[in-house]
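Before I ask anything, here is the structure I am working with.
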Amino acid sequence: MPLPNSWPINFPIMTGKPPPLAIYIHWPYCTRICPYCDFNVYKSKGEDIDLVQAILTDLKGWREWSGPRHLNSIHFGGGTPSLLAPEEILTIVNKIKGLWGLPNGTEIALEANPIDADERKWSGYCDAGINRLSLGVQTFNEFALKTLGRDHDSKQALSALKLASYIFPSVSADIIFGWAGQTLNDLNLDIERILESDVKHISTYQLTIEPGTAFAKAETRGQVRAVDTDVSADFFEVIMDRLQQAGFGHYEVSNFAKSGHNSSHNLAYWRGYDYVGVGPGAHGRLVVEGKRVSTIAALTPAQYCGSVSKTGMGISDKETLSAEEWSEEYVLMGLRIDEGVSLSKYAEIRGKKMERSRFAPLIEEGLLSLNDNELRATQKGRFLLNAVTDALLV
Ligand code: SF4
């Protein structure tokens with residue numbers, strides 16, 4: 001059953017009702033650390049009781065700060081939140097329900113690894129309220145799965161996809177492209193296999209070598225881990241054409257969905273809604289008395305739990321954004337999605353209209369389009385998004 005995206009794009013951002021609220025829960029543990037990963041992750045040692053308790057207390061602190069809000073979505077991300085037991089997920093979902101309420105049809109998503117596929121456990125997640133599973137498939141190529149340090153093989157990925165589609169109303173798969181040695185034929189095989197499964201949403205990630213990762217160290221030793229950026233760009237064109245041909249809407253730069261299966265939670269970030277960020281290192285945004293506040297939680301599990309027991313919240317840094325910073329963030333995020341940005345919403349945030357001279361040349365170059373009030377990046381513009389936003393926000 002497709003889930004509704006729960007709020008129209010043109011909600012009043014500062015006046016009238018406050019924006020809807022999305023809730024992100026960061027579970028930072030993984031059974032092992034993948035060599036390309038630069039997320040805030042830690043090797044699991046099985047001691048998660050304090051962290052669940054700290055997250056529950058932190059949520060209460062956020063509710064006191066946010067006041068009552070329309071709940072947009074709940075997202076368990078990481079790390080590997082599929083290491084949590086269904087009972088722990090239920091405890092957190094019930095806590096959120098008690099604090100903000102849980103409207104019918106609210107998207108509650110959880111990220112999982114194929115190796116964690118287990119009918120009993122996943123049915124338990126479903127009973128706890130999870131209605132969308134995001135599966136870290138990455139690729140079906142055995143060689144690439146090994147070099148990417150993944151702990152599953154292609155058979156496990158396929159059976160996890162099958163089980164997920166049987167249990168959850170909506171299933172998303174992550175695909176990585178651009179790993180060293182990948183050929184066009186390898187890419188096409190990955191795309192066709194993912195299309196043969198019943199996933200309704202596909203997130204695509206270009207492999208990039210991030211500083212501080214094991215892949216970055218390997219590259220300094222002369223070992224190539226990713227294809228060059230021109231090849232990656234060609235690969236992405238192939239992905240885009242094939243997924244669109246297969247009926248997936250390209251609703252965000254890297255994300256594709258069948259009708260009714262867009263990620264409501266990620267749309268909250270791109271549309272400029274508010275979001276609670278609980279768990280180590282999680283980021284948040286909250287509009288308070290007409291100002292947008294950006295937050296970041298304490299980084300390590302120990303620091304996070306320490307902050308919660310001292311202050312009742314996990315936040316370690318809090319900053320009020322200027323109107324300029326807020327409006328820039330709104331444009332940077334909004335141009336990623338096919339809905340684009342609302343110029344009236346921009347003016348409301350910034351306190352003045354965006355000058356026509358800023359976007360008119362980009363429209364002439366075919367990088368942006370304007371439809372009444374909505375400014376959108378064209379397909380060509382999405383390929384050059386960094387340059388487009390740089391030109392727009394000078
Ligand atoms: S499982 Fe995901 S979050 Fe964990 S280390 Fe690997 S890529 Fe990072």
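The values are calculated or read from the model by the stated rules, or taken from the named source; none is laboratory data. Predicted model only: the values in this text are computed from it and were never measured. Note that we place each Cβ from the backbone using ideal geometry, even for glycine, and neighbour counts take in every protein chain shown. We work out accessible area using only protein heavy atoms, side chains counted, and drop any ligands, DNA or RNA first. Shrake-Rupley method; radii C 1.70, N 1.55, O 1.52, S 1.80 Å.
Which GluC sites (Glu not before Pro) in the range 313-394 sit in a loop by DSSP (not H, G, I, E or B) and have at most 10 other Cβ atoms within 10 Å of their own Cβ?
Details: sites: Glu319, Glu324, Glu325, Glu328, Glu329, Glu339, Glu348, Glu355, Glu364, Glu365, Glu374; in loops: Glu339, Glu355, Glu365.
Qualifying residues, ordered by number: Glu355.
Expressed as a whole percent, how much of the Cα-Cα distance distribution for the range 271-383 exceeds 18 Å? Don't skip to the end; give the middle numbers.
On the way: 3634 of 6328 pairs.
Within the range 271-383, distances greater than 18 Å cover 57 percent of Cα pairs.
So, for the chain, what is the accessible surface per residue at a probe of 1.4 Å, expressed in square angstrom? Mind dumping the intermediate values first?
Values: 17230 Å² over 394 residues.
Computed with neighbouring chains in place, this is 44 Å² per residue.
Over all directions, the average projected area of the alpha-carbon convex hull for the range 237-325 comes to how many nm²? Walk me through the numbers on the way to the answer.
Details: hull surface 33.4 nm².
Averaged projected area of the range 237-325's Cα convex hull equals 8.4 nm².
May I ask for the net charge around Thr57, where only other residues with Cβ less than 14 Å from the Cβ of Thr57 are counted and Lys, Arg are +1 while Asp, Glu are -1?
Details: positive: Lys60, Arg63, Lys95, Lys310; negative: Asp50, Asp58, Glu64.
Value of the local net charge: +1.
Report the accessible area of Leu148, computed with a 1.4 Å probe over the heavy atoms of all protein chains in place, in Å² rounded to the nearest 10.
My reading of the accessible area for Leu148 is about 0 Å².
Residues with beta-carbon under 15 Å from that of Leu299, excluding Leu299: net charge, scoring Lys, Arg +1 and Asp, Glu -1?
-2
Next question. Long-range amide H contacts for Tyr42: which residues qualify at under 5 Å (H placed 1.01 Å from N, peptide plane, sequence gap of 5 or more or a different chain)?
Close amide H contacts, sequence-distant or interchain: Tyr29, Cys30.
I'd like the isolated cysteines in the chain, meaning no second cysteine's beta-carbon lies under 4.7 angstrom from theirs.
Cys30, Cys126, Cys305, each lacking another Cys Cβ under 4.7 Å.
Rolling a 1.4 angstrom probe over the protein chains, ignoring ligands and nucleic acids, what is the accessible area of Glu119 in square angstrom, nearest 10?
100 Å²
Order the peptides 224-232, 159-167, 129-137 from the highest to the lowest mean number of other Cβ atoms within 10 Å of their residues. Don't skip to the answer; put the middle values down first.
Numbers: 224-232: 15.2, 159-167: 18.4, 129-137: 24.8.
For the peptides 224-232, 159-167, 129-137, the packing ranking is 129-137, 159-167, 224-232.
Mind jotting down the distance between the C-alpha centroids of the range 326-351 and the range 184-200, whole Å?
34 Å
Averaging sequence separations of C-alpha pairs under 8 Å and six or more residues apart, then dividing by the length of the chain, give the relative contact order as a whole percent.
Value for the chain: 18 percent.
Taking the Cα centre as origin and putting +1 on Lys and Arg beta-carbons and -1 on Asp and Glu beta-carbons, what dipole magnitude results for the range 272-394, to the nearest 20 debye?
I would put it at about 160 debye.
Let's see if you can work this out: charge +1 on each Lys and Arg Cβ, -1 on each Asp and Glu Cβ, no other charges. What is the dipole magnitude of the chain about its Cα centre, in debye to the nearest 20?
Details: 39 positive and 48 negative charges, 169 e Å.
So the dipole magnitude of the chain works out to roughly 820 debye.
With runs of 4+ DSSP H residues as the only contributors, calculate the mean residue ellipticity of the chain at 222 nm using -39,500 (n - 2.57) per run, divided by the residue total and rounded to the nearest 500. Provide the component values of the computation, followed by the final result.
Values: 15 runs with 160 residues, N = 394.
The helix-only estimate for the chain comes to -12000 deg cm²/dmol at 222 nm.
Could you state, as a whole-number percent, how many of the C-alpha pairs of the range 45-106 are farther apart than 13 Å? Intermediate values should be presented prior to the final figure.
Details: 1248 of 1891 pairs.
Summing the P(r) of the range 45-106 above 13 Å gives 66 percent of all pairs.
Under the Kirkwood approximation for Rh and a Cα-based Rg, what ratio Rg/Rh is obtained for the chain? If you can, show how the numbers build up before the last one.
Numbers: Rg = 20.8 Å, Rh = 21.9 Å.
Answer for the chain: 0.95.
Compare the Cα positions of Ile96, Thr389, Leu83 along the charge dipole of the chain (+1 at Cβ of Lys, Arg; -1 at Cβ of Asp, Glu; about the Cα centre) and return the one farthest towards the positive end.
It is Ile96, whose Cα lies furthest towards the positive end.
For the chain, give the percent of accessible area contributed by carbon and sulfur heavy atoms, probe 1.4 Å, rounded to a whole number.
Values: 8960 of 17230 Å².
Solvent-exposed carbon and sulfur of the chain make up 52 percent of the total.
Treating only the Cβ atoms of Lys and Arg (+1) and Asp and Glu (-1) as charged, compute the dipole magnitude of the range 118-211 about its Cα centre; round to the nearest 20 debye. Walk me through the numbers before you get to the answer.
Details: 9 positive and 13 negative charges, 37 e Å.
Charge dipole of the range 118-211: 180 debye, to the nearest 20.
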